[in-house]
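First the structure, in the form of C-alpha cells, and then the observations on it.
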Amino acid sequence: APPPRRPRRTGPAKMSSAEPGRFFCTAGRGLEPFLAREVQARLGATEVDCVSGKVFFRAAVGPGELRKLRSGERLFLLLKKHSPLPVSGSRGKMLHEIKSLVIGEPKYWLDIISAWRKLHGHKGETDDVSQENALALKRKSEETNTASKRQKTEQVRAIASEECQVEAGETCVAPGRKSSQECWTESKTSSELPSKGSGENPTANEKLSFSFRVSCRCSGAIAKILTSQEIGRAIGIMLVKQCGWRADLRDPDLEIFVHLNDIQSVVGIPLFRLPLANREYIKRAGLRSTVAWAMASLAEISAGALVLDPMCGLGTILLEAAKEWPEAYYWGADISDSQLEGADGNIRTAGLMDKIELLKASVKALPLPSEGFDSVISDIPFGKKFKTTNDAQLLPDILQEMERVLRVGGTLVLLLSQELRRRVDGLTKCAGSDSAEASADGDSGAAPAQALSVDGNSSSLTQGGGESVLSRHFGSLVPEGVYAVSLGKTDAFIHKYRKVSAPGTG
Amino acid sequence: KLGRPSELPPEPLPNYEGDEEFLRRLHHVLLEVEVLEGSLQCPDSGRRFPISRGVPNLLLSEDEA
C-alpha cells in the first residue's frame, strides 16, 4: 500500500491553513441558511450546498477553526455523498448496495483513518497514535465537560432533539446503541477513568483495539425495506471482517455516520465528540445556543453598539452575542432572582463580566433611557412560563417598552412561539390595513432568507407590507424578516424589525 | 459614594482631562470597581434601589409605577 499522504503544514499549530477538505454540518431545522452564511463568512467555505438539516461545504481550515461554528449541530468529515440508493424489493440486494457504498475497498478505509488522524494534528506515523487520539478526545471531552449534570442533560437532549428534528422517519442508531442517554453517560464514565495502556505495551494492543461504531439513519423509501438497525449492523459486521477493527458501542475511536434518504446517501465521520451547540463557556443553558446566535446575527451588532435583552433569563442570547461581537456593550434585565443568578454564573464562567451588565427590572417598565440602545434582542417566554393567562395583553406593553428604548435605525429581534405569533397576526387583522413604510431592504448584511421547512410548506416571509400590529400601534417598527426555527419539540419564529422613526414625529 | 474614601473630589476640577492621577482614580471607580452590595440613589426622587450580588434591583412597587 502506498504511504499516506502528508498534508502541507507550516508547524504543529492546527490553525488557519490546512488542506482543503469536504465537510458537512447538521443544523436544526430553519438554521440551515444561517449556517450556510456562517461557513462562508467564518471559514471561507466554497461549494456550499444546503439541504434540509445539513450544510455541505469545502474549506481549508483546521479543526480549531471548524470548532468555532456557532449555528451548526454536529460537524462531519464528508466521505461520500451520492444520489439516493435505488430501492428494490430485494433486501439482500439493497444491503449489498449499501455495503459497497460505505465500505468499498479496504484500503479506502485505511487512507481515511490516516487522513482523519492528521486532521486531528497527530504525527500519524507512530503505532499508538490511535490510542493517543482516543485519549486526547477523552481529555478534550473532560475539559469541555466540566459543568454539572445539567450540562450533561443538555447534551443528551441536544442529541435527542437533533436526531428527532432532521427527518420524519427512522432515526434509531445501530447497532444496539440503546438510547442516547445511556450512551453518553457511559461515555462520560469511561472518560473519567485513568488512561490505561500507557504502561502496557500499546503497540500490540493498538493494532487489535482500534474501535468503531456505526450510526445509521434512514428514512423515505429505503426505510420501508430496511431498518436503520439492520443497515448499521450489516455495515458494522462488514467493517469488522474487512478491516479487522473492533466494534465498540460505548466509546469508539471512530464513529461512522451513514444517512440514507430519498434525497441522497451520505457517509461521514464526526469530527468532535460533543455537538458544536455545546459551548464550553455556558454553564447553564437556556435557549438553544445555535438559535441564540442566529438571533444575534440578525441584529447587526457593530463595534460600540449597545444591546439589550430585557427578558434575558439565563443570558444565553447575551453570551452568544458578546462572544461573537465583543466590541459592543450588553445589558440584560429580568424580574426573576433565580434566572439572574444563573445569568450571573454564566457570565462569570464565560469571563464576560466587563461586557454584560445585569439589572433586576421589568420589561414593562424599563429603567433605561429612550432611544438608548442600538439593538433589542429577546426570547419572549411563552406558554407556561408566564404566570398570568394574559400573554396577549402583556405583549403590547412589552413591545412598547422595547420600542421606546430602541434608537431610530435600531433593530429588534424577537423569538416568538407559534401562539404569540398568531396573536400578533390576529391583532393585525383587526387593526385594519394601515400602511407603514415598507422598507424591505434595511440591512446591509444578511439578506432575509426563506425559512426552510421539511414538509415543503414555506413559512411566510413578512417583508414591509405594513400589516403588522407593531406598525399600526407603535408607528415605527417595520418588519424585516421572519425565520421559522425548530427548538426540538416545538417550533418558534424569529421576527426581525427595524425602528424607522419615533411615533408621532416625521 | 463608595462608603470608603475614594480619593475623588466632589466635583471634577477644571482641566481634569490633563490630570493623570485624577483620571486614573476615576477610571478605577468607573470601570474597575464592581458594587456587590449597596444601593443606587435616584438623583431626582432620592429613592434608593438596592444592589445585591452585583445586580441592582430596579423594580418599582405597584404604587410607584
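Details
- Taking first residues from the range A:242-255 that are not assigned by the TED database to the domain that holds A:Ala115 and part of a strand (DSSP E or B) and partners that are buried (at least 17 other Cβ atoms within 10 Å of the Cβ) and small (Gly, Ala, Ser), no Cβ contact under 8 Å between residues at least 6 apart in sequence or on separate chains turns up.
- Single residue of the range A:358-378 satisfying the filter (within 12 Å of another protein chain (Cβ to nearest Cβ) and out of contact with any helix residue (DSSP H, G or I) (no Cβ under 9 Å at 6 or more places or on another chain)) that is modelled with the lowest pLDDT: A:Pro367
- Only residues that are under 24 Å from the mean Cα position of the chain (by Cα) and either of a type in the set (S, T, N, Q) or in a loop (DSSP other than H, G, I, E, B) (or both) were counted across the range A:328-354, and they come to 6.
- Pairs with Cβ under 6 Å, 6+ apart, first in the range A:265-277 and modelled with pLDDT of 90 or more, second part of a strand (DSSP E or B) and β-branched (Val, Ile, Thr): A:Val267/A:Val258
- Residue in the range B:16-31 that is within 12 Å of chain A (Cβ to nearest Cβ) and closer than 29 Å to A:Ala343 by Cβ present: yes
- Filter result (part of a loop (DSSP other than H, G, I, E, B) and in contact with a strand residue (DSSP E or B) (Cβ under 7 Å, 6 or more places away or on another chain)) within the range A:369-382: A:Glu371, A:Gly372, A:Ile380, A:Phe382
- Test result for A:Glu324, facing another protein chain (nearest Cβ under 10 Å) and surrounded by fewer than 21 Cβ atoms within 10 Å (Cβ to Cβ): no
- Residue list for the range B:32-48, filter: touching a strand residue (DSSP E or B) at 6+ places or on another chain (Cβ under 8 Å) and either at the interface with chain A (Cβ under 8 Å from one of its Cβ atoms) or among the aliphatic types (A, V, I, L, M) (or both): B:Val35, B:Leu36, B:Leu40
- Within the range A:72-99, tally of residues that are outside any strand (DSSP E or B) and of a type in the set (A, V, I, L, M, F, W, C): 5
- Checking each residue in the range A:330-350 for being more than 12 Å from chain B (Cβ to nearest Cβ) and either surrounded by 19 or more Cβ atoms within 10 Å (Cβ to Cβ) or within 23 Å of A:Glu300 (Cα to Cα) (or both) picks out A:Tyr330, A:Asn346, A:Ala350.
The values are calculated or read from the model by the stated rules, or taken from the named source; none is laboratory data. The structure displayed is predicted, hence computed values, not measured ones. In this analysis, Cβ positions are derived from the backbone assuming ideal geometry, glycine residues included, and neighbour counts consider all displayed protein chains.
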